[in-house]
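J.: Shown below is the structure under consideration.
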Amino acid sequence: DNAPMESFFHLFKVESQPEIKKCKSISQFTQFFNKYVNWYNNNRISNKTKNMSPVDYRTHVLAA
């Protein structure tokens, strides 16, 4: 099932469309994508994860 990855890439495209257009090379895009993934995992909050980032939520669940 590819639903989680399709959801991630949909959010990536929607949330970062202007920045993607600014990338002039694959290396610029790679750097931007790596920064986005880091932000997504460590800073982006979601209602599904009780207003925590994915890393915080995972830590919270594993500690319980």
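J.: Count, please, the residues in the range 19-56 that happen to be of a type in the set (F, W, Y) and over 14 Å from the mean Cα position of the chain (by Cα). So that I can check it myself, show each step before the final result.
T.: Of all residues in the range 19-56, those of a type in the set (F, W, Y) come to 29, 32-33, 36, 39-40.
Still in the list and also over 14 Å from the mean Cα position of the chain (by Cα): 29.
Within the range 19-56, residues that are of a type in the set (F, W, Y) and over 14 Å from the mean Cα position of the chain (by Cα) number 1.
J.: Within the set of pairs 6+ apart or on separate chains, which have a first residue in the range 41-55 that is of a type in the set (D, E, K, R), a second that is assigned to a helix (DSSP H, G or I), and C-beta atoms under 7 Å apart?
T.: K50/Y57
J.: Look at the range 17-44 and say how many of its residues are of a type in the set (K, R), surrounded by 12 or more Cβ atoms within 10 Å (Cβ to Cβ) and touching a Phe, Trp or Tyr at 6+ places or on another chain (Cβ under 9 Å).
T.: Number satisfying all stated conditions: 0.
J.: Restricting attention to the range 3-15, does a residue exist that is outside any loop (DSSP other than H, G, I, E, B), polar (S, T, N, Q) and either at pLDDT 95 or above or surrounded by 13 or more Cβ atoms within 10 Å (Cβ to Cβ) (or both)?
T.: no
The values are calculated or read from the model by the stated rules, or taken from the named source; none is laboratory data. Please read these numbers as outputs of a predicted model, since none were measured by experiment. A quick note on method: Cβ atoms are made from the backbone with ideal geometry, for glycine too, and the neighbour counts reach across all protein chains shown.
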